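The values are calculated or read from the model by the stated rules, or taken from the named source; none is laboratory data. Just so it is clear, the structure is predicted and the values come from calculations on it, not from any experiment. For neighbour counting, all protein chains shown are included, and Cβ atoms are generated from backbone atoms with ideal geometry for every residue, glycine included. Each accessible area value is taken on the protein alone, full model and side chains, heavy atoms only, with ligands, DNA and RNA left out. Shrake-Rupley method; radii C 1.70, N 1.55, O 1.52, S 1.80 Å.
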Amino acid sequence: MNTSAVILIVAGLILATLPMLGERNLLGIPMLKQPKAPWLRIVEFLVAYLIWIILGRFLEAQAGQIAKQGWQFYAVTLLLFVVAAFPGFTWRYLWRRA
């Protein structure tokens, strides 16, 4: 596998999980004084997705010509990003705490 692809996959897994990990972090940076509201987690997740897309476009530009993408590409990659966030979601909301 190409180094760019490995970097993109690892970055996607990390970025998709970050909104679920911290109670007072925004994309891993401690910034908040109060716990995050659910709407803020969704906004943070979408910002992480945009960062991931920008990173992918940058890596694609480094490898050669950037291919034109339609809305189908962004719909599929968003759903893949949601799947990558499942471990963080499970840890945050579904894990039973004693």
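Looking across segment 59-96, the residues that are closer than 26 Å to residue 20 by Cα and aromatic (Phe, Trp, Tyr) come down to 73, 74, 81, 86, 89, 91, 93, 95. The lone criterion from (1) within 18 Å of residue 92 (Cβ to Cβ); (2) open to solvent by less than 100 Å² (accessible area, probe 1.4 Å) left unmet by residue 67 is number (1).
Which members of segment 7-42 meet the condition of being open to solvent by less than 70 Å² (accessible area, probe 1.4 Å) and either part of a helix (DSSP H, G or I) or within 21 Å of residue 66 (Cα to Cα) (or both)? Once the filter is applied, which keeps residues that are open to solvent by less than 70 Å² (accessible area, probe 1.4 Å) and either part of a helix (DSSP H, G or I) or within 21 Å of residue 66 (Cα to Cα) (or both), segment 7-42 yields 8, 11, 12, 15, 16, 17, 18, 19, 20, 40, 41.
Applying the set (1) of a type in the set (A, V, I, L, M, F, W, C); (2) over 22 Å from residue 87 (Cβ atoms); (3) in a helix (DSSP H, G or I) to residue 66 leaves exactly one unmet item: (3). Filtering 47, 83 for residues that are surrounded by 14 or more Cβ atoms within 10 Å (Cβ to Cβ) and part of a helix (DSSP H, G or I) leaves a single hit, 47. When residue 93 is tested against (1) part of a helix (DSSP H, G or I); (2) surrounded by 11 or more Cβ atoms within 10 Å (Cβ to Cβ), exactly one condition is not met: (2).
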